[in-house]
Amino acid sequence: MSWLRASTSPQVGGAGWPTCWCTPVASVLITVLYRAAYLALLYLMAVPGVRLSWAAILGSVNVWIPIYWMVLFVAYALDFYHKWQHRNLEAARLETQLVQAQLHALKQQLNPHFLFNTLNALSTLIEDEPRAAQRMTAKLGEFLRLVLDHTEAQQVPLAEELHFVQLYLDIEQVRFSDRLTFTHHVEPAALPALVPHLLLQPLIENAVQHGLAAVGGGSIQLQAHRQDNQLVLEVHNSGSSPHASSVRGVGLANTEQRLRTLYGSRYVLTLRSGAEQGTVVRLELPFQTN
């Protein structure tokens, strides 16, 4: 369709003709040339009744000019649609890249925060309990290796996320010994559900640091089940209850921002006091699988 685009350019051959003159003239010239070539071919093929004359050429120009405009309109419509589709795809690609960059940045913020807290705990054990410090260092190395293996993963099955939680609790178990107990009740139907990678670790860490550490130990319970098209997760600690005016820490605030980026408004995160004591963090996420 290059001749169609050329016919609508602002200038032709440097003459400076406006588009409104160029396109009608081009439509007449192209139609006349087409009719002349068509009739000449029929004449050379000795088709009966065909006469090569100006009258025959110009006789149906009034019919072919509207056809030219129809073809021109279709060409412009297709070109516009192609450009519109390309712009939409490019915008979607850029938006996806931006979201991935934001999620990656948020996820990377969790690692130094967790590492700082763990190293701080290690420093208190090195002199008093060197063997416990060695065990914690070994567990920390195993945990960090798994984190590095999943650097690019934004979502993992819940079953895999529970493995990360268990490794983290093994580290904390060295610190608290028998003063920390962990139980979980996870429905088998919930295990394949995709969750943000390192979703539960900061919630468990928050429960340990702000709930159990203040009272010297306690218990943590994790529950997970499928409710219609939602995955429901609850983390309950038996420590101190949250104050109504308490500000959410780095782990909880970061978790909420990641959920907002991934799911928009299709999630619920609440922090409340337990039925008897402690704190309950409840999450409701869209149930998704691979």
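The values are calculated or read from the model by the stated rules, or taken from the named source; none is laboratory data. Just so we're clear, the structure is a prediction, and the values are computed from it rather than from any experiment. When we count neighbours, we look across all protein chains shown, and the Cβ atoms used for this are built from the backbone with ideal geometry, even at glycine. Ligands, DNA and RNA are stripped out before the accessible areas are found, and what is left, the full protein with its side chains, is counted by its heavy atoms. Shrake-Rupley method; radii C 1.70, N 1.55, O 1.52, S 1.80 Å.
Selection of the range 171-200 for residues being open to solvent by 40 Å² or more (accessible area, probe 1.4 Å), closer than 15 Å to Glu160 by Cβ and among the aliphatic types (A, V, I, L, M) yields only Leu191. Contact annotation: residue pairs with Cβ atoms under 6 Å, 6 or more positions apart or on different chains, pairing a residue in the range 67-83 that is in contact (Cβ under 8 Å) with a residue 24 or more places away in the chain with a partner that is part of a helix (DSSP H, G or I) and of a type in the set (A, V, I, L, M), are Leu72/Leu4; Ala75/Leu4. Can you tell me which residue is modelled with the highest pLDDT among those in the range 215-249 that are farther than 24 Å from Val186 by Cα and open to solvent by 80 Å² or more (accessible area, probe 1.4 Å)? Looking at the filtered set, the residue picked out is Val215. For Gln134, the conditions (1) in a helix (DSSP H, G or I); (2) at pLDDT 80 or above; (3) open to solvent by less than 60 Å² (accessible area, probe 1.4 Å); (4) not basic (Lys, Arg) are fulfilled apart from (3).
Of all residues in the range 130-155, those that are in contact (Cβ under 8 Å) with a residue 60 or more places away in the chain have Cβ atoms under 7 Å from Cβ atoms of residues that are assigned to a helix (DSSP H, G or I) and of a type outside the set (Val, Ile, Thr), 6 or more apart or on another chain, in Gln154/Leu103.
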